[in-house]
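All of the numbers you see were taken from the coordinates with simple rules; none came from a lab. Treat the numbers as computed from the prediction; the structure is a model and nothing was measured. Cβ sites come from the backbone with ideal geometry, for glycine too, and all protein chains shown count toward neighbours.
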Amino acid sequence: MRVAVACDHGGLNLKQEIIKLLEQKGIEYEDLGTFSEEPVDYPDIAFNLAEAVARGEYDRGIIICGTGIGVSIAANKVKGIRAALCHDVYSARMSRLHNDANVLALGGRVIGPGLAREIVEEWLKAEFEGGRHQRRIDKISSYEKK
Ligand code: RB5
């Protein structure tokens, strides 16, 4: 699995924690920035990651801003992206099982590194269940084509 990771200045510290986790787990990843605490605009960060995931360059993306809200709103504007903002393990697992979320959004100012690591681990290993959930995903994809 190839994972893209990105953040704005509000998510910088948490991104470093997530990168540590990916390295410990031997998961292939690319860090798409930002790389310093210099303020950046979260839509730029989110569109860049989401478009790369939508093009198929990565299997999944993890994006982090202060709350996770801005990056999730922006990422969900990109066709083919199903970004889930999850601050608990249950939602993270369900976003894969039922929603086939291909982007996980996190708030670096909302949760600590321990919970964030558990969320990411669960989210990366959970598999989409398909079946009736595929029909619902297909409806979202059809809506995007309007
Ligand atoms: C930046 O201060 C902050 O607004 C951003 O990280 C994010 O929380 C937006 O949703």
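Loop-located chymotrypsin sites (Phe, Trp or Tyr not before Pro) in segment 1-68 (DSSP state not H, G, I, E or B) with no more than 16 neighbouring Cβ atoms inside 10 Å: F35.
Scanning the chain for GluC sites (Glu not before Pro) lying in DSSP loops with no more than 11 further Cβ atoms inside 10 Å, the longest uninterrupted stretch between such sites is 38-126. Within segment 51-146, the proportion of Cα pairs with more than 15 Å between them is 59 percent. The gain in end-to-end length when the R2 to F35 segment is fully stretched comes to 9.9 nm, 0.36 nm per residue minus the alpha carbon separation. Using the Cα gyration tensor of segment 1-93, with a ≥ b ≥ c the square roots of its eigenvalues, what is the shape: rounded (a/c below 1.5), prolate (a/b larger than b/c) or oblate (neither)? Since a/c stays below 1.5, the shape of segment 1-93 is classed as rounded. Counting only Cβ charges, +1 for Lys and Arg and -1 for Asp and Glu, the dipole size of segment 40-94 around its Cα centre is about 240 debye.
Please compute the contact order of segment 1-98 in relative form: average sequence separation of alpha-carbon pairs under 8 Å and at least six residues apart, divided by the residue count, as a percent. Rounded, it is 32 percent for segment 1-98. Simple point charges give the picture: +1 on the Cβ of Lys and Arg, -1 on the Cβ of Asp and Glu, and for the chain a dipole about the Cα centre of about 760 debye. Once you sort the root eigenvalues of the Cα gyration tensor of segment 92-146 as a ≥ b ≥ c, which label holds: rounded (a/c under 1.5), prolate (a/b larger than b/c) or oblate (the other case)? The shape class here is oblate.
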